[in-house]
Amino acid sequence: MALFIHHVAQSNTSDRLFLTEKNEPLETLKLNQEALEFVKNQRDKLKKELIELNQFGGIQFLLFFDKEMDEAKRLEWCRKQGAQVNKSANSNGISTLLLETKSDAAAEILAVAEGLALSNYQFHKYRKDAADKKNSLEKLEILADINLKKLEHLIIAVEANCWARDLVNEPLNKLSAVDLAEQISTKFRAVGGKAEVFNKQKIEALKMGGLLSVNKGSIDPPTFTILEWKPENAKNTKPVVLVGKGVVYDTGGLSLKPSNAMDTMKCDMGGAATVAASIFAVASAKLPLHVIALVPATDNRPDGNAYVPGDVITMFDGTTVEVLNTDAEGRLILADALTYAKKFSPEIVFNFATLTGAAARAIGSQGIVAMEVKAADLFCDLAQSGNLVHERLVKFPMWDEYREQLRSEIADLKNIGGPEGGAITAGKFLEHFTDYPFVHFDIAGPAFIEKRDSYRGIGGTGTGVRLMFHYLNEYANKL
C-alpha cells in the first residue's frame, strides 16, 4: 500500500490540504491578514489553483477547484493536483497530511487522495539506499463528509493498482512464470479467493499448443493460473472472466527484438498483473459478483529447441496456426486461455495484454486500444468508467475484412497479418477462439512508461486495474 488512508472526525495534524471551490470567499479560510493578502494575490491575480503556505507550525496547501468543469476532467485535475502536493509534501519531510473540505466536494477530495496515494508509490527494493530514498509521507487523514464505502473502495483500488505495478516492475530473475503463479495465488487466497495452478504436465495433458510452443525455448516451465471469486450472494448467473497475458519476459524468440526494444520487456506480463490485481480488488471489496481470472504464463526465449518461423502448431481447440513471427507470441498463449474460458459459459470475457507495438504507436501511452465482439451494449459503460478513472478507451473496429490478412495456405490461420492494422489483426486472431461477448484491451502503450507522468509515476502503471474495478462495481450495482 502506497499510503495509509483513513477518515477522521478531528485531527491535530499541523500539515494540511484544504480543498474548496475557486469562487469561495477567502475570508471563510480563517487566515491572518498577511496570509490572506498573499493568497488573494496568488489566486486572483496570478490565477494559481494550488497555493502553499507556511503557518501554524506546519505547511498549508490551498487547492481551488472549478465545480463547472466536466466531471471526468475535474476528477483527473484533482488527481494531478494531489500528485503535485505529494511531491511538495515529501520534499518538506511531511509524514502525515490532513485533507479537509467544507464544500460539497466528496468526489473531489477522494480524487485528490487517490492522486496523492498513487504518486507516493516507489519501487526501490533492490537499492542499497532504499531507506534513504523512501518517501516521508506515510499517512493521509481525511476530514470531510464522505461516503465511507467509497473511501474503502478507493483504498482497495490504490492497493490493487500498486500491487500490479510491483508485479510489472519485478525483473525476470525475480519473477518467472512459476513465481508469478505462486505470488498471485497466495495473495488472492489471502482475501478469500480460490486459486488453482496448472503445471507443465497438466498443460501438456490439456494440449495447450500455443502456451507450450512459446515455452519451448525456455528452461523454466509454463503455468496456467485460475483465480475464482464466487460469493454466495453473487448476482450474476454466468461469470465475468478476465484473461491476462503473462509473458514474464519477451526476447521475441527467434524473431529476436533489437536490444533496445528488449530493455523493458519484463513488462510483457502487464495484462496478467492487471487481471490478477482486478480480481484481488473485487474479492477485497467483496463485490457480489462471480468473477474468474485466467493467466497463461511463460517467458519467450530463443533456446535450441525454440519454435521457429514456419512451424505449424495445434492450439487447445484444435486450430492449426502457421507461425510466421515468434515475436507474436502473446496471442498464442491467450488463444488457449480464451478457449479454456468457454468451459465457464461466461457472461463476458475481458482480455488484457501488452499485445502490439501497433497499438502503442497509434495512441501512445495516454489511452487503451479496445475492441469488442458481441459487446456493443456494454461498451458505453466501459468507456464511461474509463473516462472517470482516466484510463480512457479508444475503440478500434473489428471488421471481417481484417481477418483476410490471417489466412494461411497451409494451416487454419497465420499468427500475424500484414504491415497495416496490426493491433486489429491481433484482435481478430483472438476473436477466432471466442464464442461469447468479448472485449480486448491492448495496453502496450500505457502499461509501462519510461518517463515520470504525474501520479502514474515511472515504470509499471497498473493500467486497467482501476478501470476494471470501477466498471465491475457499477455492473454489480445495476444487477
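The values are calculated or read from the model by the stated rules, or taken from the named source; none is laboratory data. Keep in mind the model is a prediction, meaning the values are calculated, not measured. A quick note on method: Cβ atoms are made from the backbone with ideal geometry, for glycine too, and the neighbour counts reach across all protein chains shown.
Of the set (1) modelled with pLDDT under 95; (2) in contact with a Ser or Thr (Cβ under 7 Å, 6 or more places away or on another chain); (3) surrounded by fewer than 18 Cβ atoms within 10 Å (Cβ to Cβ), all apply to N32 but (2).
Pairing residues of region 287-306 that are closer than 23 Å to K174 by Cα with residues that are of a type in the set (K, R) and crowded, with 24+ Cβ neighbours inside 10 Å, at Cβ distances under 8 Å and at least 6 apart in sequence or on separate chains, gives P296/K245. Apart from one condition, I146 fits all of (1) under 30 Å from P221 (Cα atoms); (2) among the aliphatic types (A, V, I, L, M); (3) outside any helix (DSSP H, G or I); the exception is (1). Looking across region 81-99 at every residue that is of a type in the set (G, A, S) and surrounded by fewer than 19 Cβ atoms within 10 Å (Cβ to Cβ), the one that is nearest to K139 (Cα to Cα) is identified as S95.
One line per residue, one yes/no per condition, for (1) assigned to a helix (DSSP H, G or I); (2) within 29 Å of F469 (Cα to Cα):
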{"position": "D381", "(1), (2)": "yes, yes"}
{"position": "L388", "(1), (2)": "yes, yes"}
{"position": "M398", "(1), (2)": "no, yes"}
{"position": "R403", "(1), (2)": "yes, no"}
{"position": "I410", "(1), (2)": "no, no"}
{"position": "P419", "(1), (2)": "no, no"}
{"position": "A423", "(1), (2)": "yes, yes"}
{"position": "A426", "(1), (2)": "yes, yes"}
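The rows are residues; the columns are (1) surrounded by fewer than 15 Cβ atoms within 10 Å (Cβ to Cβ); (2) under 30 Å from K174 (Cα atoms).
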{"site": "L53", "(1), (2)": "no, no"}
{"site": "G58", "(1), (2)": "no, no"}
{"site": "R79", "(1), (2)": "no, no"}
{"site": "E114", "(1), (2)": "no, yes"}
{"site": "H124", "(1), (2)": "yes, yes"}
{"site": "R127", "(1), (2)": "yes, yes"}
{"site": "N147", "(1), (2)": "yes, no"}
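Looking at region 196-310, the helices (runs of 4 or more DSSP H) lying wholly inside it that each contain 3 or more residues that are not aliphatic (A, V, I, L, M) sit at 200-206, 209-215, 270-284. With respect to being out of contact with any Ser or Thr (no Cβ under 8 Å at 6 or more places or on another chain) and in the same structural domain as A164 (by TED's automatic domain parsing), A306 falls outside the description.
Pairs linking a residue in region 160-179 that is more than 15 Å from I279 (Cα to Cα) and modelled with pLDDT under 95 to a residue that is among the basic types (K, R) and not in a helix (DSSP H, G or I), with Cβ atoms under 9 Å and 6 or more positions apart or on different chains, do not occur.
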